[in-house]
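The values are calculated or read from the model by the stated rules, or taken from the named source; none is laboratory data. None of these values were measured; they are calculated from a predicted model. Cβ sites come from the backbone with ideal geometry, for glycine too, and all protein chains shown count toward neighbours.
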Amino acid sequence: MVTFSFDIVSDINLSEINNVLDQVRREISNRYDFKNKLVEIDFIDNSKNGFVLTAENDLLIDSLLEIIRKKLASRNLSQKILDLNQPKIESNLKIKYELPFIKGLDQAKTKELNNLIRTNFPKVKTTNNKDNIRVSANSKDELQKTIQMLRTSDLAYPIQFINFH
């Protein structure tokens, strides 16, 4: 019997993230409400594991966050990659806000995805690998229904589907 499969991963396309950063910087330089004000965005320690927002006040940070969300949406990236639970750091009349990226499937996320798939689709089999979950079934229809269910479920982290066989 032929089995079909795909992999579930939680990863970030760094070239798209670079494009988002460039677009946000371009909009910062063009917007009138940011003229003559301290508003900056950069990567965290050049490691590309998140963004650092720097501004004069909370209103500018919120405006900058809104721009980032719009640019992520325009590049078809999930807003769930941003970890918004970090505290804002205020010092020297400026506010810094670190937004690390959420990526990778740890044990708790893997368990949650496995439970979701097994309860809704008992004929579908899952196998945990190092950084992904292999989902296999005897019919493509079951896999397509599984993908549709995972896309509509409200997860706190982004997931992608790769390696369709």
* What tally of residues in segment 114-165 results from selecting those that are surrounded by 11 or more Cβ atoms within 10 Å (Cβ to Cβ) and free of Cβ contacts under 8 Å to residues at least 12 places away in the same chain? -> 4
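From the set of residues in segment 80-127 that are part of a loop (DSSP other than H, G, I, E, B) and polar (S, T, N, Q), which is farthest from the chain's Cα centre (by Cα)?
Once the filter is applied, the top-ranked residue is Asn92.
Residue by residue, here is whether (1) in contact with a strand residue (DSSP E or B) (Cβ under 7 Å, 6 or more places away or on another chain); (2) within 23 Å of Lys35 (Cβ to Cβ) holds:
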{"position": "Phe51", "(1), (2)": "yes, yes"}
{"position": "Glu56", "(1), (2)": "yes, yes"}
{"position": "Leu72", "(1), (2)": "no, no"}
{"position": "Leu82", "(1), (2)": "yes, no"}
{"position": "Asn85", "(1), (2)": "no, no"}
{"position": "Asn92", "(1), (2)": "no, yes"}
* Only residues that are within 12 Å of Glu98 (Cα to Cα), of a type outside the set (Gly, Ala, Ser) and touching a helix residue (DSSP H, G or I) at 6+ places or on another chain (Cβ under 8 Å): list them for segment 49-75, please. => Phe51, Val52, Leu53
* Asked: Just for segment 80-91: of the residues that are over 13 Å from Ile41 (Cβ atoms) and in contact with a Lys or Arg (Cβ under 9 Å, 6 or more places away or on another chain), which one is surrounded by the most Cβ atoms within 10 Å (Cβ to Cβ)?
  -> Ile81
* To do: Within segment 45-57, track down each residue that is outside any loop (DSSP other than H, G, I, E, B), at pLDDT 90 or above, more than 15 Å from the chain's Cα centre (by Cα) and of a type outside the set (Gly, Ala, Ser).
  => Val52, Leu53, Thr54
* When you look at Lys94, is it closer than 18 Å to Asp11 by Cα, of a type in the set (Lys, Arg) and surrounded by 12 or more Cβ atoms within 10 Å (Cβ to Cβ), yes or no? -> no
* Considering Leu72, Leu77, which residue is in a helix (DSSP H, G or I) and surrounded by 14 or more Cβ atoms within 10 Å (Cβ to Cβ)? -> Leu72
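Only one residue in Ile61, Ile12, Ile41 is surrounded by 15 or more Cβ atoms within 10 Å (Cβ to Cβ), touching a strand residue (DSSP E or B) at 6+ places or on another chain (Cβ under 6 Å) and in a strand (DSSP E or B). Which one?
Values: Ile61 fails: in a strand (DSSP E or B); Ile12 fails: in a strand (DSSP E or B).
Checking each option against the conditions leaves just Ile41.
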